[in-house]
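Some notes on the structure that comes next.
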Amino acid sequence: MTARIGVVVFPGSNCEHDAVEALCALGGSAELLWHDEASLRGVDGVVLPGGFAHGDYLRTGAIARFSPVMEAVAELARAGGPVLGICNGFQILTEAGLLPGALQKNRGLKFLCATVELRVETTASALTSLTAAGDSLRVPINHFEGAYTCDPATLEELRAGDRVVLRYVDNPNGSLDDIAGICSPAGNVVGLMPHPERAWDRLLGSGDGAVLVRSFIAACAGERWPAPHPAAPADPSLPASSGARSGP
């Protein structure tokens, strides 16, 4: 059965159609969900796309985390459902407490729009199950506040829990520990700053993002990814709603 994937649209989102096109082209079925809806309409997984939700007022994702749809996204995450945040979507996931840490302004205070090289660090996530650890992927970035940061204890938890999903080979933005993407303890919630949906076909400059999109589609279709190497705590610890921001 084809996986049904919801792509949430916030005021200011601008990558939702890119996500829908990539998901549909690579075997999934995608539909747009307005941020003000309290239901996910029974979809199998959710993508929070890139853009500038609510104009990035206050902080990136700080207002979007209060959208009614985020209650349902948190419920899906607690139930083990796949949730993917790309760029602004990653920022929203950290603000909602569904992933730890925060995204701060890039080193040098410059907006970055370039294709970068990523290294797959683990296959134990809904985004990387079809890859191999050590794979090198060329995927574009497009952000101003994309430098990942967290406190030392959180960083140690991410490392020990096999939760650093992707790292930059040549760090473009000053991200802590070269981190480009992380996941929840069970691997079902994933956030990354690069845009795999803009690299699913070689006509776009790189097709390397296709394996990531296909991995997420497979997760939404019910195929399980490898368990993290250490024992992962149960994800009922995820907030019941768009709760307190996690970060330094």
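Would a scan of the range 157-175 turn up a residue that is closer than 21 Å to LEU23 by Cα, polar (S, T, N, Q) and out of contact with any Cys (no Cβ under 8 Å at 6 or more places or on another chain)? No; the residues of the range 157-175 include none that is closer than 21 Å to LEU23 by Cα, polar (S, T, N, Q) and out of contact with any Cys (no Cβ under 8 Å at 6 or more places or on another chain).
Residue-by-condition table, conditions (1) part of a loop (DSSP other than H, G, I, E, B); (2) touching a Leu at 6+ places or on another chain (Cβ under 6 Å); (3) at pLDDT 95 or above:
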site: VAL190; (1), (2), (3): no, yes, yes
site: GLU197; (1), (2), (3): no, no, yes
site: ASP208; (1), (2), (3): yes, yes, yes
site: VAL211; (1), (2), (3): no, yes, yes
site: SER215; (1), (2), (3): no, yes, yes
site: ALA218; (1), (2), (3): no, no, yes
site: GLY222; (1), (2), (3): yes, no, no
site: ALA227; (1), (2), (3): yes, no, no
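Filtering the range 72-89 to residues that are in contact with a Leu (Cβ under 6 Å, 6 or more places away or on another chain) and closer than 16 Å to PHE52 by Cβ leaves GLY85, GLY89. Residues in the range 90-97 include at least one that is modelled with pLDDT of 95 or more, surrounded by fewer than 23 Cβ atoms within 10 Å (Cβ to Cβ) and assigned to a loop (DSSP other than H, G, I, E, B). Within the range 104-118, residues that are over 10 Å from ILE141 (Cβ atoms) have Cβ atoms under 8 Å from residues that are of a type in the set (Asp, Glu) in these pairs: GLN104/GLU145; LYS105/GLU145; GLU117/ASP170, counting only partners at least 6 apart in sequence or on another chain. Find the residue count for the range 1-16, including only residues that are more than 20 Å from SER67 (Cα to Cα) and surrounded by fewer than 16 Cβ atoms within 10 Å (Cβ to Cβ). Total meeting the criteria: 2.
When the range 103-123 is filtered for residues that are at pLDDT 95 or above, more than 23 Å from ILE92 (Cβ to Cβ) and part of a loop (DSSP other than H, G, I, E, B), only THR123 remains. Quick check: is even one residue across the range 77-89 over 13 Å from the mean Cα position of the chain (by Cα) and part of a helix (DSSP H, G or I)? Within the range 77-89, one or more residues are over 13 Å from the mean Cα position of the chain (by Cα) and part of a helix (DSSP H, G or I).
Would you check if ALA126 is at pLDDT 95 or above, touching a helix residue (DSSP H, G or I) at 6+ places or on another chain (Cβ under 6 Å), part of a loop (DSSP other than H, G, I, E, B) and under 23 Å from ASP201 (Cβ atoms)? For ALA126, the condition - at pLDDT 95 or above, touching a helix residue (DSSP H, G or I) at 6+ places or on another chain (Cβ under 6 Å), part of a loop (DSSP other than H, G, I, E, B) and under 23 Å from ASP201 (Cβ atoms) - is met.
Can you name the residue in the range 148-188 that is assigned to a strand (DSSP E or B) and of a type in the set (Val, Ile, Thr) and is also farthest from GLY209 (Cα to Cα) among such residues? So the residue we want is THR149.
The set of residues from the range 170-207 being out of contact with any helix residue (DSSP H, G or I) (no Cβ under 8 Å at 6 or more places or on another chain) and either surrounded by fewer than 24 Cβ atoms within 10 Å (Cβ to Cβ) or farther than 23 Å from ILE5 by Cβ (or both) comprises ASP170, PRO172, ASN173, GLY174, SER175, ASP178, ARG202, LEU203, GLY205, SER206, GLY207. Of all residues in the range 12-64, which are among the polar types (S, T, N, Q) and modelled with pLDDT of 90 or more? Within the range 12-64, SER13, ASN14, SER29, SER39 qualify. Examine the range 130-141 for a residue that is outside any strand (DSSP E or B), hydrophobic (A, V, I, L, M, F, W, C) and crowded, with 22+ Cβ neighbours inside 10 Å, and state whether such a residue exists. Taking every residue of the range 130-141 in turn, none turns out to be outside any strand (DSSP E or B), hydrophobic (A, V, I, L, M, F, W, C) and crowded, with 22+ Cβ neighbours inside 10 Å. Answer yes or no as to whether LEU158 is buried (at least 20 other Cβ atoms within 10 Å of the Cβ) and either under 13 Å from the mean Cα position of the chain (by Cα) or of a type outside the set (Lys, Arg) (or both). In short, yes.
The values are calculated or read from the model by the stated rules, or taken from the named source; none is laboratory data. What you see is a predicted model, and the numbers here were worked out from it, not measured in a lab. With ideal geometry, Cβ positions are generated from the backbone for all residues, glycine too; neighbour counts draw on all protein chains shown.
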